[in-house]
Amino acid sequence: MRPSKDEYYLNIATQVAERGTCLRRCFGAVIVKDDQVISTGYAGAPRGAKNCCELASCPREAAKIPPGERYELCRSVHAEANAIIQADRLDMIGSTLYLACLDAKTRQITPGTKPCRMCTRLIINAGISRVVVREEVGRSKTFEVAAWVREEDLDLADAKGY
């Protein structure tokens, strides 16, 4: 059976995730517009810097920090950020970002993931319209980026006490 377009690009994102150097979770991102791959990215240390695989150590894991918290301690540039910084914004306007996450130890798909808060802001500013995240082979979750913009506005209103 022929995979859907979303499944096809999620398969690519999953393969890209295999290059990740995080000792916890390996993410792969693929940005696609008009059925053309614009850019790919995986989670890894900045160019030229040693990554956690080479150091055999993760500062967040050593500190027992739960997933989704204290990203400023992470050595990695996130997959979404790496894909975005390697693409031209004009090419990304109206595009879709496909995201897959693998457990670094088992290499199994990690369901229930989504971009972190900082990556959602990068995705918004890049002009990406939709994010499709792999839940398992054959199943994904789609996020409309416009909804994230509304959430940002609501969060600001909540912070001001409106």
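Count charges around residue 18 for me, please; just the other residues with Cβ under 14 Å from its Cβ, Lys/Arg as +1, Asp/Glu as -1.
Result for the neighbourhood of residue 18: +4.
Whenever you get a sec, compute what percent of the accessible area on the chain sits on carbon and sulfur atoms (1.4 Å probe).
52 percent
Compute the accessible area per residue over segment 28-162, keeping the other protein chains in place, probe 1.4 Å, unit Å². Could the numbers behind the result be given before it?
Numbers: 7650 Å² over 135 residues.
Result: 57 Å² per residue.
Take 42, 9 and sort them by solvent-accessible surface of the protein heavy atoms, 1.4 Å probe, largest at the top.
42, 9
Find the centroid of the Cα atoms in segment 30-79 and in segment 99-156, then give the distance between the two in whole Å.
The distance from the Cα centre of segment 30-79 to that of segment 99-156 comes to 15 Å.
Multiply the residue gap between residue 90 and residue 106 by 0.36 nm, knock off their C-alpha separation, and tell me the result in nm, one decimal place.
Residue separation times 0.36 nm, minus the Cα-Cα distance, leaves 2.0 nm.
Once you keep just the Cα pairs under 8 angstrom separated by 6 or more residues, what percentage relative contact order results for the chain? Write out the running numbers ahead of the final one.
Working: 313 pairs, mean separation 37.0, N = 162.
Computed value for the chain: 23 percent relative contact order.
I'm spelling it out carefully: the read-out is P(r) over Cα pairs in 5 Å bins from 0, in percent, the candidates are (1) 1, 7, 13, 15, 13, 10, 8, 7, 6, 6, 5, 4, 3, 1, 1, 0, 0, 0, 0; (2) 2, 9, 18, 21, 20, 15, 9, 5, 1, 0, 0; (3) 2, 10, 20, 24, 22, 15, 7, 1, 0, and one was derived from this structure. Which label?
After the calculation, the listed value that fits is (2).
Taking square-rooted eigenvalues a ≥ b ≥ c of the alpha carbon gyration tensor, is segment 64-106 rounded, prolate or oblate, where a/c under 1.5 means rounded and, failing that, a/b exceeding b/c means prolate?
prolate
Pairs of lysine in the chain with Cα under 29 Å and at least 8 positions apart or on different chains: total?
Lysine pairs, 8 or more places apart or on different chains, close enough: 16.
Specify the longest stretch of the chain that does not include any exposed loop site, a site being one of the GluC sites (Glu not before Pro) with a non-H, G, I, E, B DSSP assignment and at most 12 other Cβ atoms within 10 Å.
70-162
The values are calculated or read from the model by the stated rules, or taken from the named source; none is laboratory data. None of the values given here were measured: they were computed from a predicted structure. When we count neighbours, we look across all protein chains shown, and the Cβ atoms used for this are built from the backbone with ideal geometry, even at glycine. For accessibility, only protein heavy atoms count, side chains too; no ligands or nucleic acids. Shrake-Rupley method; radii C 1.70, N 1.55, O 1.52, S 1.80 Å.
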